[in-house]
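Contents: one structure, followed by commentary.
The values are calculated or read from the model by the stated rules, or taken from the named source; none is laboratory data. Everything quoted here is computed from the prediction, not taken from an experiment. Here Cβ is always computed from backbone atoms with ideal geometry, including for glycine, and neighbour counts include all displayed protein chains.
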Amino acid sequence: MTSPRKIEANRKNARASTGPKTAQGRARLARNALRHGLSLPVCSNPVLCEEVESLARKIAGTEANVEIRELARRAAEAQIDVGRGRYARYRLLSDALSNPDYESRADTRQKFALMLSRVAKQLLAMDRYERRALLRRKVALRALDDMRRSNPSDCR
């Protein structure tokens, strides 16, 4: 049984960890997902959704059953997300490197170090998205392989 002292401490900690309290803090938090768009579902973009369907058809094959097609779609979504994350990282670094603020630096290493120090937090966020997408892809492909191994006749 939990003691009353522990319960009160938990409640106090919970009150302190409920997110931003001010309107300005809440507004900033609401814009977090819009910074690079990686948290939006792939199929919210019709072009990417078509890419997912095309890749899923290639992964599953033409005469795959519904379960195989769904697993292939999950793997394809994750693969498209991996590409989105990598492209966002490329765009961030390209924009930072072409920033005229860094042109005054004579030493290329110094320029690069300064630029990386300013974009490090964003790079870490993009890395988290990419790692999650890679994990989702790995899980989906393993499930697809398991399904194909257990029912080889259903996969054709």
Please name all residue pairs, on different chains or six or more residues apart, with Cβ atoms under 6 Å, provided the first residue is in the stretch 51-68 and is farther than 16 Å from residue 141 by Cβ and the second residue is aliphatic (A, V, I, L, M) and part of a helix (DSSP H, G or I).
51/80
Scan the stretch 62-79 residue by residue and report those that are in a helix (DSSP H, G or I) and out of contact with any Cys (no Cβ under 9 Å at 6 or more places or on another chain).
66, 67, 69, 70, 71, 72, 73, 74, 75, 76, 78, 79
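Just one of 86, 109, 91 is of a type in the set (Lys, Arg) and within 21 Å of residue 138 (Cβ to Cβ); which is it? Steps first, please.
Details: 109 fails: within 21 Å of residue 138 (Cβ to Cβ); 91 fails: within 21 Å of residue 138 (Cβ to Cβ).
Testing whether each residue is of a type in the set (Lys, Arg) and within 21 Å of residue 138 (Cβ to Cβ) leaves just 86.
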Restricting the stretch 96-110 to residues that are loosely packed, with under 14 Cβ neighbours inside 10 Å and small (Gly, Ala, Ser), the one modelled with the highest pLDDT turns out to be 98
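Per-residue answers, yes or no, for (1) at pLDDT 90 or above; (2) within 28 Å of residue 50 (Cα to Cα); (3) part of a helix (DSSP H, G or I):
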{"residue": "90", "(1), (2), (3)": "yes, yes, yes"}
{"residue": "94", "(1), (2), (3)": "no, yes, yes"}
{"residue": "112", "(1), (2), (3)": "no, no, yes"}
{"residue": "117", "(1), (2), (3)": "no, no, yes"}
{"residue": "125", "(1), (2), (3)": "no, yes, yes"}
{"residue": "132", "(1), (2), (3)": "yes, yes, yes"}
{"residue": "138", "(1), (2), (3)": "yes, yes, yes"}
{"residue": "141", "(1), (2), (3)": "yes, yes, yes"}
{"residue": "145", "(1), (2), (3)": "yes, yes, yes"}
Counting only residues that are modelled with pLDDT under 70 and assigned to a helix (DSSP H, G or I), which one in the stretch 30-55 is nearest to residue 78 (Cα to Cα)?
33
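Only one of these is crowded, with 20+ Cβ neighbours inside 10 Å and under 20 Å from the mean Cα position of the chain (by Cα): 60, 120, 133, 125. Name it. Write out each step before concluding.
Numbers: 60 fails: under 20 Å from the mean Cα position of the chain (by Cα); 120 fails: crowded, with 20+ Cβ neighbours inside 10 Å; 125 fails: crowded, with 20+ Cβ neighbours inside 10 Å.
None of the others qualify; the one that does is 133.
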Could we say that residue 80 is crowded, with 17+ Cβ neighbours inside 10 Å and more than 25 Å from residue 128 (Cα to Cα) here?
no
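Filter the stretch 96-110 for residues that are touching a helix residue (DSSP H, G or I) at 6+ places or on another chain (Cβ under 6 Å) and in a helix (DSSP H, G or I); which is farthest from residue 52 (Cα to Cα)?
102
Could we say that residue 151 is surrounded by 12 or more Cβ atoms within 10 Å (Cβ to Cβ), of a type outside the set (Phe, Trp, Tyr), more than 20 Å from the chain's Cα centre (by Cα) and at pLDDT 85 or above here? Walk me through how you get there before you give the answer.
Values: surrounded by 12 or more Cβ atoms within 10 Å (Cβ to Cβ): yes; of a type outside the set (Phe, Trp, Tyr): yes; more than 20 Å from the chain's Cα centre (by Cα): yes; at pLDDT 85 or above: no.
In short, no.
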